[in-house]
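Quick notes on the structure that follows.
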Amino acid sequence: VTTTIADDDSAPTVTLAVDQATIAESAGEAKFTATLSNASTQAVTVDLGFTGTANLTDDYTRTGTQVVIAAGSLSGFVTVTAVPDTVFEGDETIVVDIWGVTNGTESGTQTATATIRDDDSAPTVTLAVDQATIAENAGVAKFTATLSNASTQAVTVDLGFTGTATLTADYTRTGTQIVIAAGSLSGFVTVTAVPDT
C-alpha cells in the first residue's frame with residue numbers, strides 16, 4: 001500500500017545580486033551570486049548572459065557562465081576579475097543577467113551590474129618636428145603629435161600656424177588638425193616649402 005505526499009513547496013525562484021558595484025581596474029573582483037527562494041532536492045542550474053561596455057578577456061575574465069546550486073543549497077556564484085591595462089577607456093560596465101534556469105524559474109527579470117573604474121588618465125599630447133631646418137626648394141618637415149598613452153577614443157589635436165613664413169607664398173600644409181585614431185599613439189601633418197626667387 002502506497003501513500004504519496006503531495007509537495008506543497010513551489011520550485012525555487014532565482015534572484016541575482018553582485019557584491020561590488022564598482023571594482024578597480026587593477027585586478028578588482030566582483031562576485032555575482034544566484035540565490036534560491038527555497039531549497040530543492042535537485043541541483044539548480046542558472047545560465048548567465050554577459051553584456052555591457054567592458055570586453056571579455058581585454059577588460060575582464062570570468063570563472064564561468066553558469067551557477068550550479070547543489071541540492072540542498074541556497075546559493076552559488078561566479079566571479080569576474082578586471083584586467084589592468086594602460087589604455088584610457090573611461091569606466092566600463094559588466095552587465096550580468098539570467099538567461100535560463102533548470103529546475104527552477106527566474107524571479108521576474110534579474111540583472112546585476114559591476115563597473116570597472118578606469119585608472120588610466122586621459123592622454124597628454126606633445127608636439128615635435130623632425131626637421132628644424134628645411135630647404136626652400138620643396139623641403140618637407142613633419143610635425144608629429146604624440147600621446148602619453150593610448151585611448152579607446154580618437155584624439156583630435158587642433159594646430160595653429162604662426163611665424164614669419166606666409167602660408168601659400170612660402171609653404172603649404174597638409175592640414176590644421178592631427179587626428180590620432182583610437183588605439184594609436186601619434187599622428188602628423190607636413191609642411192612643404194614653396195620655392196621662389
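The values are calculated or read from the model by the stated rules, or taken from the named source; none is laboratory data. Only a predicted model underlies this, so the values are computations on that prediction, with no experimental measurement involved. Quick reminder, even Gly has a Cβ in these numbers, built from the backbone with ideal geometry, and neighbours come from all protein chains shown. Just the protein is used for accessible areas: all its heavy atoms, side chains included, with ligands, DNA and RNA removed. Shrake-Rupley method; radii C 1.70, N 1.55, O 1.52, S 1.80 Å.
If you count only protein heavy atoms with a 1.4 Å probe, what accessible area per residue comes out for segment 138-197, rounded to a whole Å²?
57
At q = 0.08, 0.18 Å⁻¹, what is the base-10 log of I(q)/I(0) for the chain according to the Debye formula with one equal point scatterer per Cα and no solvent? Please give it to two decimals.
Each listed q corresponds, in turn, to -0.50, -1.09.
Please compute the net charge surrounding Phe188, taking Lys and Arg as +1 and Asp and Glu as -1 over other residues with Cβ under 9 Å from its Cβ.
0
Rule-of-thumb check for segment 118-197: C-alpha Rg over 2.2 N^0.38 Å?
Rounded to two decimals, the normalised Rg is 1.28.
Could you list the residues of segment 62-84 with an amide nitrogen less than 17 Å from a label point located 7 Å from the Cα of Ala17 in the Cα-to-C-beta direction?
74-79
How many nm separate the modelled label positions at Gln153 and Ala27, each set 7 Å beyond the Cα in the direction of the Cβ?
3.0
Between Ala128 and Thr166, what length in nm is gained on full extension when 0.36 nm per residue of separation is reduced by their alpha carbon distance?
Gain in length upon complete extension: 11.6 nm.
Which of the GluC sites (Glu not before Pro) found in segment 88-197 are in a DSSP loop and have at most 15 neighbouring Cβ atoms, other than their own, within 10 Å?
Glu136
What is the magnitude of the charge dipole of the chain about its Cα centre, with +1 placed on the Cβ of each Lys and Arg, -1 on the Cβ of each Asp and Glu, and no other charges, expressed in debye to the nearest 20?
In total the dipole reaches around 260 debye.
May I ask you to compute the full-extension gain from Thr176 to Thr190, defined as 0.36 nm times their residue separation minus their alpha-carbon distance, rounded to one decimal in nm?
The span from Thr176 to Thr190 would gain 4.1 nm if fully extended.
If Lys and Arg each add +1 and Asp and Glu each add -1, what is the summed charge of the other residues whose beta carbon sits under 9 Å from the beta carbon of Leu16?
Its environment carries a net charge of -2.
Excluding ligands and nucleic acids, what accessible area in Å² is computed for Lys31 using a 1.4 Å probe, to the nearest 10?
Counting only protein heavy atoms, the figure is 70 Å².
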